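Engineer: Got a structure for you, questions after.
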Amino acid sequence: MGLFSKLFGEFVDVIEWTDDSSNTMVHRFERYGNEIKYGAKLIVRETQFAVFVNEGEVADVLGPGTYELETQNLPLLTTLQNWQHGFQSPFKAEVYFCNARRFVDLKWGTKHPLMLRDSEFGGLRIRAFGTYGVRILDPLKFIREIVGTEGVFTTDEISSQLRNLITSRFATIIGGSNIPVLDMAANFDQLGEYLTRRIGPEFGEYGLELTRILVENISLPPAVSEALDKRTSMGMTGNLDRFLQYQSGISMEAGASNPGGGASDGIGMGIGLAMANRMNNSMGGAASGTPPPVPGSSDVYHVVVNGAAQGPYTVDLLKQHAASGTLTPESLVWAPSMSEWQAASGVDALKGVFNSTPAAPPPVPSQ
């Protein structure tokens, strides 16, 4: 420190600290050689404490107010100092200002997933995070246990230790709470209050008061969350069979509308009709309790011919189409009792159509 600073320090007789930051917890008042004039004024603002340290030993702790630094005002310091010149000489002491306001919105969270046993899902891994607030409750203990001789001490220097303390205790508390994972969101407030009461005494060992812990979120691994979303979606669909029929109809109709296929228009019409009848029969059958019709000769069939659905045709008419070659075993057919279009050769009721096809007439003998 230069000569000007030394002279300036000797003429300054007001000791104060105005906090221009949001995270400074302790600030040491800097004076040249730590010399303080006898009779100097000390201003301690609201939410501040001033701690006098003389040669490494705490001499006094002063709360908010304006003080004139004289022997009668500093009885503890008087016993430590060798006052000369009628108690009028400067004395050496370090003054630490402690910020006693609340420090809020400090972050905590689990670095790694926590393992716990859930009553509904069994073994689970969860992660949690939130915020907490602290303030200096015992400045003397805080300086002795945490700050030491640092000139400026901020929340960044202790937040890691406090965060690890909260995370460790959170794992123990949540593991023994037996709260189902699906019910945790409804208990965030109660969980935060419980954590505050449980962990508060350990913060007190540092001279701090844990004002509040907030639990903002408890999350599951992505794969488990995705499975849970699917389970929830299944529950919201109601009748799963009807939902699947509806989804199948939408997908098949969208595929039939693709212009890439030559028979798309006819197939689309047939699929739409098939799905409508299928859903109608299924819902009507479910309501009345009657089973769907059994495939048989009484069925009528639609046939895809040249990319368009034609019909309905009885089995007798299909025999004529088979005889003329219009209907082949590969032709797509559909009946109200069928769930989808199938090749004619794969329909049991139509196997006799091709077997009964008459053979070609014999050639006419030449004259």
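Rule-based calculations on the coordinates, nothing more; no lab input. None of the values given here were measured: they were computed from a predicted structure. Cβ coordinates were reconstructed from backbone atoms using ideal geometry, including for glycine residues, and neighbour counts include every protein chain displayed.
Engineer: If amide H atoms are built 1.01 Å from N in the plane of the peptide, which residues on other chains or at least 5 residues away come under 5 Å of the amide H of L327?
Structural biologist: Answer set, sorted by chain and number: A322.
Engineer: I've got another one for you. What's the FRET efficiency of R144 with E16 using the Cβ-Cβ distance as r and R₀ = 30 Å, to the nearest 0.05?
Structural biologist: After rounding to 0.05, the efficiency reads 0.80.
Engineer: Grab the beta carbon distance between E205 and D229, set R0 = 35 Å, and tell me the FRET efficiency rounded to 0.05.
Structural biologist: Once the sixth-power term is evaluated, E becomes 0.20.
Engineer: A further question follows. Give the order of Y206, Y301, Y67 when sorted by the count of other beta carbons within 10 angstrom, beginning with the fewest.
Structural biologist: Ascending number of Cβ neighbours within 10 Å: Y67, Y206, Y301.
Engineer: Continuing with the same structure: With unit charges on the beta carbon (Lys/Arg positive, Asp/Glu negative), name the residue among L137, A186, V152 whose Cα is farthest towards the positive pole of the charge dipole of region 134-209.
Structural biologist: About the Cα centre, the residue reaching furthest to the positive side is A186.
Engineer: Oh, and also: Contour minus end-to-end for A185 and E35, with contour as 0.36 nm per residue of separation and end-to-end as the Cα-Cα distance?
Structural biologist: 48.3 nm
Engineer: Simple spin-label model, 7 Å along Cα-to-Cβ: T328 to Q161 in nm?
Structural biologist: 8.7 nm
Engineer: Here is a follow-up. Hey, can you grab everything whose amide H is under 5 Å from the amide H of L106? Only 5+ residues off in sequence or another chain; H modelled, so Pro and N-termini drop out.
Structural biologist: The list, which skips near neighbours in sequence, is Y132.
Engineer: Check cross-link reach from K351 to the lysines: straight Cα distance under 18 Å, and skip same-chain residues fewer than eight apart.
Structural biologist: K319
Engineer: Is the shape of region 103-224 rounded, prolate or oblate, going by the alpha carbon gyration tensor and its root eigenvalues a ≥ b ≥ c, with a/c under 1.5 for rounded and a/b larger than b/c for prolate?
Structural biologist: The shape class here is prolate.
Engineer: In addition: In what order do D183, D19, D60 fall by count of nearby beta-carbon atoms within 10 Å, going from fewest to most?
Structural biologist: In increasing order of surrounding Cβ atoms, one gets D183, D19, D60.
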